[in-house]
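Everything below concerns the one structure shown next.
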Amino acid sequence: MSLELPVYLIDDDDSVRRSLRFMLESYGLNIIDFDSAEAFFLQ
């Protein structure tokens, strides 16, 4: 089951970001990830 509201994940370390995304998605969360705060704010 995927929740409607996204969780924004921001981390500059690609391997950490991928691991966290995988873990959080396993709980059914809708994850949108970014490699920097700047990328997040520019979306």
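I'd like the full set of residues that are over 11 Å from L5 (Cα atoms) and in contact (Cβ under 8 Å) with a residue 24 or more places away in the chain, limited to region 29-38. Please lay out each step first, then the result.
Quick first cut of region 29-38, residues over 11 Å from L5 (Cα atoms) only: 33-38.
Answer for region 29-38, where residues must be over 11 Å from L5 (Cα atoms) and in contact (Cβ under 8 Å) with a residue 24 or more places away in the chain: D33, F34, D35, S36, A37.
Does L5 satisfy the condition of being at pLDDT below 95 and among the hydrophobic types (A, V, I, L, M, F, W, C)? Outline the logic, then answer.
On the way: at pLDDT below 95: yes; among the hydrophobic types (A, V, I, L, M, F, W, C): yes.
So L5 fits the description; yes.
Please list, ordered by first then second residue, the pairs with beta carbon atoms under 8 Å, 6 or more apart or interchain, first in region 17-28 and touching a residue at least 24 places away in the same chain (Cβ under 8 Å), second of a type outside the set (S, T, N, Q) and surrounded by 12 or more Cβ atoms within 10 Å (Cβ to Cβ).
none
Can you tell me which residue is surrounded by the most Cβ atoms within 10 Å (Cβ to Cβ) among those in region 1-36 that are of a type in the set (G, A, S) and in a helix (DSSP H, G or I)? Working first, answer last.
Let us first name the residues in region 1-36 that are of a type in the set (G, A, S), namely 2, 15, 19, 26, 28, 36.
After this cut, where a residue has to be in a helix (DSSP H, G or I) as well, the list is 15, 19, 26.
Numbers: S15: 8, S19: 12, S26: 8.
Going through the qualifying residues, I end up with S19.
The values are calculated or read from the model by the stated rules, or taken from the named source; none is laboratory data. Please read these numbers as outputs of a predicted model, since none were measured by experiment. So basically every Cβ, Gly included, is an ideal-geometry build from the backbone, and we count neighbours across all protein chains shown.
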